[in-house]
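The values are calculated or read from the model by the stated rules, or taken from the named source; none is laboratory data. Treat the numbers as computed from the prediction; the structure is a model and nothing was measured. Backbone-built Cβ (ideal geometry, glycine too); neighbour counts: all protein chains shown.
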Amino acid sequence: MSEPKRVAILISGGGSNMIRLVESMEGDHPARAVLVASNDASAAGLERAARLGVPTAAIDHRPFKGDRAAFEAELLKPILAAKPDILCLAGFMRVLTPAFVARFEGRMLNIHPSLLPLYPGLHTHQRALDAGDAEAGCTVHEVTAVLDTGPILGQARVAVEPEDTAETLAARVLGMEHRLYPAVLRRFAAGDRSPVWL
Ligand code: GAR
């Protein structure tokens, strides 16, 4: 068997998707987690990653005051040192520059809490409710220079219930995110880009 692919994961918050990804990469899985990095040193996910034995790094974006290229230059240091084959965005809430995206072209994934191409950007669950959608869900896609576009690698759907609020819908979709992202990563790391539908 060839060497497992090296996976770096970028987070901004609790990192529940990151945990599912890290936990999935064991045994005969074709990848291993080599780094969890955050733009926020207080992100709860960093401590969780460390407890799972994954090296962590925190680069606070705030001192860079909107200079995204300068922030990314710092963020790149631990990432390049970890020599990742694949970069997974998992609740990473900073928009990346086209130059950063280009470095990882074809090997950077993102999970987004909507059925793309519906609702790129923020407040996806409220927007699905406002539109009266019967279904909501999540998407894993390859990251390209345009936010929340890029080839779709998997989607999972849930029914919208009449009593749903943005919070209840988000929680139900998050449960599906936890199934979808590991399933897509396993396939992607094995060189298979055919989409996963849940
Ligand atoms: C997830 O719902 C993810 O889809 C979303 O943030 C949450 C992170 O949760 N990502 C985005 O909205 C990206 N634009 P987690 O930290 O518990 O994985």
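Does Ala31 satisfy being closer than 21 Å to His112 by Cα and either of a type outside the set (S, T, N, Q) or within 15 Å of the ligand (Cβ to nearest atom) (or both)? For Ala31, the condition - closer than 21 Å to His112 by Cα and either of a type outside the set (S, T, N, Q) or within 15 Å of the ligand (Cβ to nearest atom) (or both) - is not met. Being out of contact with any strand residue (DSSP E or B) (no Cβ under 6 Å at 6 or more places or on another chain) and either modelled with pLDDT of 95 or more or within 9 Å of the ligand (Cβ to nearest atom) (or both): is that true of Glu142 here? Yes: the conditions hold for Glu142.
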